[in-house]
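Here is the structure we will look at, set down as structure tokens.
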Amino acid sequence: MLKPIELNLNSPAAPLQAPATTARIIPRSDHTISRSGISPNALRVLYRLREGGFQAFLVGGCVRDLLLGIEPKDFDVATDALPEEVRKLFRNCRLIGRRFRLAHVYFGRDIIEVATFRAATAPSPGQDPLPDADPDAEEDEESQIEREDAELAEPADAAVFADADTERLFDKTGRIIYDNVYGTVDEDVWRRDFTANALYYNIADFSLWDYVGGAEDIAARRLRLIGDPDTRYREDPVRMLRAARFEAKLGFDLDPATAEPLARLRGRLADVPPARLFDETLKLFLNGCGVRSLEVLRRRGLLAALLPTVDAYLESDRGASAEALLVRGLANTDRRVSDGKAVTPSFLFALLLYGPIARLIEAAPPERWHDTATILDACDRAVRDAQKHVLIPRRFSLGLREMFALQPRLEHPRGRRALRVLEHPRFRAAYDLLLLRAQAGLAPPERADWWKRLQEVAPAEREPMLDALGGEAAPRPPGARHGARRRRRPRSAGPV
């Protein structure tokens, strides 16, 4: 637990409109962060920056997590060294980013991100905001490059404006597309979104620098935006999703002033590049708190803005089974993350889009429900609808299509052809989807059990199982419960 601290500046009881111009310094004796909890590689970066004559701070979520007793996922460093100066200090350094120039210092698979203090000044309440992409977001290099490529691919008629120092460029909406205006640590705090993410750990004397009462908010488990919430959400609508993610992940209470604008401003997520919303979707649902994230997104009305077709299906009278499947699948994903096992966006989007895909399949005549062409067409249309808001890279949408295309073959195996299905690269993911369907009443449980046994028995024991396959009842469409009556239409091998 965080050691109680006497509050001298920025009392949480007072409205927080802007950071203090100087930090309240919390000495090592008054906080619980120890170097033993910090990554050795992060310490190497911090010490070398300091030896080079630069300021060096841990900043953001890693400081917050250390105060909460949580092992940080990664460690971010902030410094007054320019990116080029950082590269001179580290042979294992690479500069990335176009809008926000960052230094990545590599230690094998471990990457320490180093950002230079920036002087991004937030507008005062009531002024027209300048949208500011959140540089505090955790993202790997591949996702960042992919997001920036999509963000820079603006319409040909998109105007670009430069300010006087030519270091900051805006599009015609005021969204920053390039920003390398460097500043001091006192100015850098405006880059942070929430008070809990705005603490700076100084390697020079192991103190915490607090401009916004973040230490007290962490102790109170309170999530509060820095500055005027309306202005900050308008600057960067993704902060609404980050608020939901931290509420779900940390179990913090959203400050009333921070929560109030969500319902009014959620529509502004439509202005965010789909590639960036893809990254945020993965962070929401693949962080080990996917079930809780879904609950928070729906309660805050944000799922309707992020994935409207998914929200609409879950809210419909036939969405109960798809919701049960989604919640079970997310719970399984949360367990895999907790156990350190791999998770895949393909399976996540198969869960999220199950309802919309089912609706599209059921719109076809029943005799075509089982056709691979019908299933793949439904997958493609559901993905296209989702991609109006959230980018789904092709490598993941292809995996989703294969999982759904295998469902009829899993529900209705045919003799020795079942062995070929067992060898399919997507078999395991497709089987997991079948198992979830069976648990939600959308597929026969006995068929899921049959495939489970087929995987477990010795090869010699598979022959009798294959020979015993007889005529099977046609599989049900995705949205229909197992055992439900169907309209009298010509039957066939069945849909997904």
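Among the residues of the range 92-146, count how many are in a loop (DSSP other than H, G, I, E, B), of a type in the set (S, T, N, Q) and at pLDDT 50 or above. Spell out the reasoning first.
Step one: of the range 92-146, the residues in a loop (DSSP other than H, G, I, E, B) are 92, 97-101, 108-109, 117, 119-140.
Adding the requirement that they be of a type in the set (S, T, N, Q) leaves 92, 121, 124, 127.
From what is left, the residues that are at pLDDT 50 or above are 92.
Number of matching residues: 1.
Filter the range 170-217 for residues that are at pLDDT 95 or above and under 17 Å from E235 (Cα atoms); which is surrounded by the most Cβ atoms within 10 Å (Cβ to Cβ)?
If we take residues in the range 170-217 being at pLDDT 95 or above and under 17 Å from E235 (Cα atoms), then T195 is surrounded by the most Cβ atoms within 10 Å (Cβ to Cβ).
Taking the range 361-394 as the search range and keeping residues that are modelled with pLDDT under 95 and charged (D, E, K, R), which one is surrounded by the most Cβ atoms within 10 Å (Cβ to Cβ)?
Going through the qualifying residues, I end up with D371.
Which condition number in (1) under 21 Å from L68 (Cβ atoms); (2) out of contact with any helix residue (DSSP H, G or I) (no Cβ under 7 Å at 6 or more places or on another chain) is the one that P256 fails?
(1)
Only one of these conditions is not met by K452: (1) buried (at least 16 other Cβ atoms within 10 Å of the Cβ); (2) among the basic types (K, R); (3) more than 17 Å from H370 (Cα to Cα). Which number is it?
Here K452 clears every test but (1).
Might you let me know whether the range 83-91 holds any residue that is modelled with pLDDT of 95 or more, within 22 Å of N202 (Cα to Cα) and not in a helix (DSSP H, G or I)?
Yes, that holds for at least one residue.
Filter the range 299-311 down to the residues that are assigned to a helix (DSSP H, G or I) and in contact (Cβ under 8 Å) with a residue 12 or more places away in the chain, then identify the one that is nearest to the chain's Cα centre (by Cα). Even if it seems obvious, please write down each step before you answer.
First pass over the range 299-311, keeping only residues assigned to a helix (DSSP H, G or I): 299, 303-306, 308-311.
Subsequent filtering for residues that are in contact (Cβ under 8 Å) with a residue 12 or more places away in the chain retains 304-306, 308-311.
Details: A304: 16, A305: 15, L306: 12, P308: 17, T309: 18, V310: 16, D311: 17 Å.
Checking each candidate, the answer is L306.
So, I392, is that one part of a loop (DSSP other than H, G, I, E, B), under 23 Å from T344 (Cβ atoms) and either in contact with a helix residue (DSSP H, G or I) (Cβ under 7 Å, 6 or more places away or on another chain) or not assigned by TED's automatic domain parsing to the domain that holds A312 (or both) or not? Spell out the reasoning first.
Numbers: part of a loop (DSSP other than H, G, I, E, B): yes; under 23 Å from T344 (Cβ atoms): yes; either in contact with a helix residue (DSSP H, G or I) (Cβ under 7 Å, 6 or more places away or on another chain) or not assigned by TED's automatic domain parsing to the domain that holds A312 (or both): yes.
In short, yes.
Being under 23 Å from L398 (Cα atoms), in contact with a Lys or Arg (Cβ under 6 Å, 6 or more places away or on another chain) and of a type outside the set (K, R): is that true of L351 here? Give the steps one after another, and end with the answer.
Working: under 23 Å from L398 (Cα atoms): yes; in contact with a Lys or Arg (Cβ under 6 Å, 6 or more places away or on another chain): no; of a type outside the set (K, R): yes.
No: the conditions fail for L351.
Would you check if T22 is closer than 23 Å to I226 by Cα, touching a residue at least 40 places away in the same chain (Cβ under 8 Å) and surrounded by fewer than 18 Cβ atoms within 10 Å (Cβ to Cβ)? Please lay out each step first, then the result.
Details: closer than 23 Å to I226 by Cα: yes; touching a residue at least 40 places away in the same chain (Cβ under 8 Å): yes; surrounded by fewer than 18 Cβ atoms within 10 Å (Cβ to Cβ): yes.
For T22, the condition - closer than 23 Å to I226 by Cα, touching a residue at least 40 places away in the same chain (Cβ under 8 Å) and surrounded by fewer than 18 Cβ atoms within 10 Å (Cβ to Cβ) - is met.
Pairs please, first residue from the range 28-49 and within 22 Å of R87 (Cα to Cα) and assigned by TED's automatic domain parsing to the domain that holds C62, second anywhere and modelled with pLDDT of 95 or more and part of a helix (DSSP H, G or I), Cβ atoms under 6 Å, 6+ apart in sequence or on different chains.
As it stands, the answer is R48/L89, since those pairs meet every condition given.
Name the residues in the range 318-331 that are surrounded by 18 or more Cβ atoms within 10 Å (Cβ to Cβ) and touching a residue at least 40 places away in the same chain (Cβ under 8 Å), would you?
Passing the criteria: S321, A322, L325, G329, L330.
For (1) under 18 Å from the mean Cα position of the chain (by Cα); (2) modelled with pLDDT of 95 or more; (3) part of a loop (DSSP other than H, G, I, E, B), each residue gets a yes or a no:
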residue	(1), (2), (3)
A257	no, yes, no
T281	yes, yes, no
L284	yes, yes, no
N287	yes, no, yes
R292	yes, yes, no
L297	yes, yes, no
A322	no, no, no
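Which ones in the range 223-242 are basic (K, R), modelled with pLDDT of 95 or more and assigned to a helix (DSSP H, G or I)? Give the derivation first.
Our first condition is that a residue be basic (K, R); within the range 223-242, this holds for 224, 232, 234, 239, 242.
Filter once more, so that each one left must be modelled with pLDDT of 95 or more: 224, 239, 242.
Across the range 223-242, the qualifying residues are R239, R242.
Could you tell me how many of the residues in the range 415-468 are farther than 24 Å from L330 by Cα and either among the hydroxyl-bearing types (S, T, Y) or in contact with a Phe, Trp or Tyr (Cβ under 7 Å, 6 or more places away or on another chain) (or both)?
1
In this structure, is P393 touching an Asp or Glu at 6+ places or on another chain (Cβ under 9 Å) and either without any contact (Cβ under 8 Å) to a residue 24 or more places away in the chain or under 30 Å from V238 (Cβ atoms) (or both)? I'd like the intermediate steps shown before the answer.
On the way: touching an Asp or Glu at 6+ places or on another chain (Cβ under 9 Å): yes; either without any contact (Cβ under 8 Å) to a residue 24 or more places away in the chain or under 30 Å from V238 (Cβ atoms) (or both): yes.
So P393 fits the description; yes.
Suppose the filter is closer than 18 Å to W190 by Cα and over 18 Å from the mean Cα position of the chain (by Cα); does R234 pass it? Spell out the reasoning first.
Values: closer than 18 Å to W190 by Cα: yes; over 18 Å from the mean Cα position of the chain (by Cα): yes.
Yes: the conditions hold for R234.
Given the criteria in contact with a helix residue (DSSP H, G or I) (Cβ under 6 Å, 6 or more places away or on another chain), touching a residue at least 60 places away in the same chain (Cβ under 8 Å) and in a loop (DSSP other than H, G, I, E, B), does V343 qualify?
Values: in contact with a helix residue (DSSP H, G or I) (Cβ under 6 Å, 6 or more places away or on another chain): yes; touching a residue at least 60 places away in the same chain (Cβ under 8 Å): no; in a loop (DSSP other than H, G, I, E, B): yes.
For V343, the condition - in contact with a helix residue (DSSP H, G or I) (Cβ under 6 Å, 6 or more places away or on another chain), touching a residue at least 60 places away in the same chain (Cβ under 8 Å) and in a loop (DSSP other than H, G, I, E, B) - is not met.
The values are calculated or read from the model by the stated rules, or taken from the named source; none is laboratory data. What you see is a predicted model, and the numbers here were worked out from it, not measured in a lab. Every residue, glycine as well, gets a Cβ built from its backbone with ideal geometry; the counts of neighbours run over all protein chains shown.
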